[in-house]
Amino acid sequence: MNERKKNNYWKAQGNKFRTFHELLSKESERGCVIVAAAMLDDALEKMIQARLLESNDKEDSLFKSPHPILGTFASKIELSYRLGLISESMKKSLDIVRKIRNDFAHNYKEQLFDDDSTKDKLKNMYHELNALFVQIINSCKKAYKAYQRDFPNKISNYSVENVDEFISVFGNRRAFELLSSICAAKLIVFPKRIIRIECICDEISP
């Protein structure tokens, strides 16, 4: 990828990140987590569809049927990883979002972001996404004045070692918004680079 395409690629991710971040910030705590998981689930579905042979069904039965094979967030994460569509770090991050979603969906308590278990999950997620986070945030800071104001200058020097500082600067709720939006931006922009597989059955000799 030449320098111009690389810059456009990161800019596109930055734009998507900003859109998703603003969307999540308007939700309640529980709504934020459920919407984040839903948009990541949908992004994975589109990636898998872009990679597999096209379905003969109007509605792809892998995803839309009474008992779809790929009807769960977990199954889409696993297949995306096995198809080479997402990295191991992204897989771990998406699994963390899935677990936080399940925690929030099955717990009636308020202010779940203050839970130590949630905080530990977010720390693990930041470990996995650190490099991608810095790259996309810096792309946003170049394009939007609001991000220059909202994010400390030292963000470009953030490393895995200061995950506690990351959490203390942004708080658990906003950390989740940021990290989930990073994942969504990456997954939404990436399908343009996916090559659909071809049927090889006619090429194999008996």
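The table below lists the values:
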{"read-out": "Sites I200 and D42 - FRET efficiency at Förster radius 30 Å, r taken between beta-carbons, to 0.05", "value": "0.55"}
{"read-out": "Burial order of peptide ranges 173-184, 33-44, 58-69 (average beta-carbon count within 10 Å, highest first)", "value": "173-184, 33-44, 58-69"}
{"read-out": "Per-pair calculated FRET efficiency, R0 = 45 Å: K123 and H67 via Cβ, rounded to 0.05", "value": "0.75"}
{"read-out": "Stretchable slack from K11 to N162, in nm (0.36 nm times residue separation minus alpha-carbon distance)", "value": "51.8 nm"}
{"read-out": "Kirkwood Rh and Cα Rg combined as Rg over Rh, evaluated for the stretch 56-121", "value": "1.10"}
{"read-out": "Fraction of accessible area attributable to carbon and sulfur, the stretch 1-64 (%, probe 1.4 Å)", "value": "47 percent"}
{"read-out": "Cross-link table K5/K26; K99/K123; K16/K119; K99/K119, entries beyond 21 Å C-alpha to C-alpha", "value": "K5/K26; K16/K119"}
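The values are calculated or read from the model by the stated rules, or taken from the named source; none is laboratory data. Since this is a predicted model, take the numbers as computed values, not measurements. So basically every Cβ, Gly included, is an ideal-geometry build from the backbone, and we count neighbours across all protein chains shown. Keep in mind that these areas ignore ligands, DNA and RNA; they rest on the heavy atoms of the full protein, side chains included. Shrake-Rupley method; radii C 1.70, N 1.55, O 1.52, S 1.80 Å.
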